1. Residues that are of a type in the set (S, T, N, Q): list the strands (runs of 3 or more DSSP E) wholly contained in segment 147-222 that include at least 1 such residues.
2. One residue is enough: does segment 196-213 have a residue meeting the conditions surrounded by fewer than 16 Cβ atoms within 10 Å (Cβ to Cβ) and within 60 Å of the chain's Cα centre (by Cα)?
3. Listed residues Ala113, Ala129; which is surrounded by fewer than 12 Cβ atoms within 10 Å (Cβ to Cβ), modelled with pLDDT of 85 or more, in a strand (DSSP E or B) and touching an Asp or Glu at 6+ places or on another chain (Cβ under 8 Å)?
Amino acid sequence: MQATIAAARARFADDGARCPVSGPRRDGWPMWMAAAAVSLAAIAVVAVLMPSPDAPQLAGRDPATRGEEREPAAPPRRLAEPPPAPTAEPPGIIMGARPPQALPPANAELLAAARHDFDGFQIIERDTADGVALSLLRGGTETAFDRRSLDPGIGFELLDAFLLAPADAPELLLLQSRIGDATNWDVFTVGPGGLRLSGELSRRVHDAPDRAAATRRLSAPE
């Protein structure tokens, strides 16, 4: 057995001596190993850098998230804006024209009015540019009956008024007033055509102190 092993070693030694390994082959082995290592490293790098199709895409590599590779999103379509609401017209204006205005009173120079209540009627006193105007309001009907001009600085004051209905004569309106320092009564007859000043009856009662005295003077025979 030992002899067999020794013979084999001798043959192996002889074969190695007859077929020596050339220098260039021995020198190329390390270079081949280096090239193989570089190739393996490149394959590994490619495998690492190339993601799997099922792997989530990085934000920087997803074409959908890269602004230069995706089309700009169209702005959302806005609904048609409703037409602006029509501006309300100022009061008193209709279709660009003013409605008919109330006509001024016949006496356009009337300035202010005051109401004086008496038994069953009212006397309306209105200031005018140069004095006062008086009217009788009874049963919803107003009837103008007197107008008085006043000097500057002279005032008018209505003191009393009453209606008197004689048995066989037209109804009378007796009115007491003060103009300046003078106080007197005036008598007006009331008829279908309005009220009229009676100079004759006014002279009879102009200085009566009160209603009772004025009534007695009118009832007394002339």
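The values are calculated or read from the model by the stated rules, or taken from the named source; none is laboratory data. As the structure is a prediction and not an experimental result, all values here were calculated from the model. Here the Cβ is made from the backbone with ideal geometry for all residues, glycine too, and neighbour counts use every protein chain on show.
1. Values: elements: 156-164, 171-179, 182-191, 194-197.
Filter on segment 147-222 gives 171-179, 182-191.
2. yes
3. Working: Ala129 fails: in a strand (DSSP E or B).
Exactly one residue qualifies, and that residue is Ala113.
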